[in-house]
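Q: The structure that follows is given in the form of structure tokens.
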């Protein structure tokens with residue numbers, strides 16, 4: 001399911017759900033339900049305007065992906081990453097999957 005944002009661009013939410021499942025696997029935790037994952041994606045990208053902010057140049061595509069991953073990380077029940085610590089999700093295939101699903 002692709003969802004249109006306010007600018008008419010399509011975000012492939014179903015592809016993000018698949019990427020989120022891979023993320024859970026990398027963290028060795030149970031994945032979110034598809035509906036919970038969709039809720040987190042919509043909240044971060046649309047309700048909190050992360051996608052719009054990236055489109056207008058306020059944040060980069062990479063920052064948008066990292067923001068979504070941080071929220072998914074929290075939704076998966078994982079502890080917050082402390083400032084200065086490496087992110088536990090720096091796998092290029094995962095990052096590319098999400099970037100492509102969000103920005104095409």
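Bear in mind these aren't lab numbers, they're just calculated from the coordinates by the rules spelled out. Keep in mind the model is a prediction, meaning the values are calculated, not measured. Using ideal geometry, Cβ is built from the backbone for each residue, glycine included, and neighbour counts are taken over all protein chains shown.
Q: Quick one: 90, 34, fewest Cβ neighbours within 10 Å first, how do they rank?
A: 90, 34
Q: Okay, moving on. From the helices alone, meaning DSSP H stretches of at least four residues, give me the mean residue ellipticity at 222 nm for the chain, per-run term -39500 (n - 2.57), in deg cm²/dmol to the nearest 500.
A: For the chain, the value works out to -17000 deg cm²/dmol.
Q: Hey, what angle do you get for helix 13-27 against the long axis of the chain, alpha-carbon based, 0 to 90 degrees rounded to 10?
A: Rounded to the nearest ten degrees, it is 20.
Q: Does anyone have the angle between helix 61-75 and the longest principal axis of the chain? Alpha-carbon axes, 0 to 90°, nearest 10?
A: Compared with the principal axis, the helix lies near 50 degrees.
Q: Most exposed first by the Cβ proxy, i.e. fewest other Cβ within 10 Å, how do 35, 83, 52 rank? Intermediate results must be reported in sequence, preceding the final value.
A: Values: 35 9, 83 5, 52 17.
The most exposed by this proxy come first: 83, 35, 52.
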